[in-house]
Amino acid sequence: MSDCLFCKIIAGEIPSTKVYEDDNTYAFRDINPMAKTHVLVVPKQHIPSVGEIENVPDDVLAACLRTCRRVAECEGILQSGFRVISNCGKDACQSVQHLHFHVLGGQQLSENMA
Ligand code: 5GP
Ligand code: ZN
């Protein structure tokens with residue numbers, strides 16, 4: 001999608017710090033980290049949010065979750081623990097309308113998720 005920030009990052013039109021990439025997904029460091037480790041995992045296909053995945057192939061969705069695990073492994077937080085969050089829509093404060101999963105860790109995270 002031509003006016004989507006994350007599509008531009010995936011295409012390399014906007015620079016990012018890559019952590020991992022495969023055929024279906026791209027993972028890069030969040031520009032405004034909320035934890036010691038804060039990586040964003042996105043599908044290369046433009047999907048607006050979790051709210052619009054009805055017709056997305058299962059292998060694309062599975063790849064996103066597997067990449068989250070792989071990122072945790074690469075970042076050395078697989079054993080210590082990490083959190084995966086996907087904000088969807090206004091009440092969740094989604095600010096970029098391209099499906100993404102926040103992978104957070106590298107420190108003790110808060111019990112409060114709301
Ligand atoms: P959301 O609020 O939609 O769940 O998450 C969007 C995330 O994208 C935010 O954590 C924000 O810091 C990150 N972000 C916004 N613009 C950029 C950018 O240009 N580069 C990178 N690496 N992250 C960005
Ligand atoms: Zn996009």
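Overview of values
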| read-out | value |
| --- | --- |
| Those residues of the range 1-60 which are charged (D, E, K, R) and not in a helix (DSSP H, G or I), in sequence order | D3, E13, K18, E21, D22, D23, R29, D30, K36, K44, E54 |
| Every pair of residues 6+ apart whose Cβ atoms lie under 6 Å, when the first sits in the range 1-28 and is within 22 Å of P57 (Cα to Cα) and more than 9 Å from ligand 1 (Cβ to nearest atom) while the second is open to solvent by 40 Å² or more (accessible area, probe 1.4 Å) and modelled with pLDDT under 95 | C7/M1 |
| Per-region count, the range 55-114, residues near ligand 1 (Cβ under 10 Å from one of its atoms), touching a residue at least 60 places away in the same chain (Cβ under 8 Å) and not aliphatic (A, V, I, L, M) | 5 |
| Residues within the range 49-82 that are exposed (fewer than 14 other Cβ atoms within 10 Å of the Cβ) and of a type in the set (D, E, K, R), tallied | 5 |
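The values are calculated or read from the model by the stated rules, or taken from the named source; none is laboratory data. As the structure is a computational prediction, the values presented were derived from the model and not from experiment. Glycine also receives a Cβ, built like all others from the backbone with ideal geometry; neighbour counts cover every protein chain displayed. Heavy atoms of the whole protein, side chains included, go into the accessibility calculation; ligands, DNA and RNA do not. Shrake-Rupley method; radii C 1.70, N 1.55, O 1.52, S 1.80 Å.
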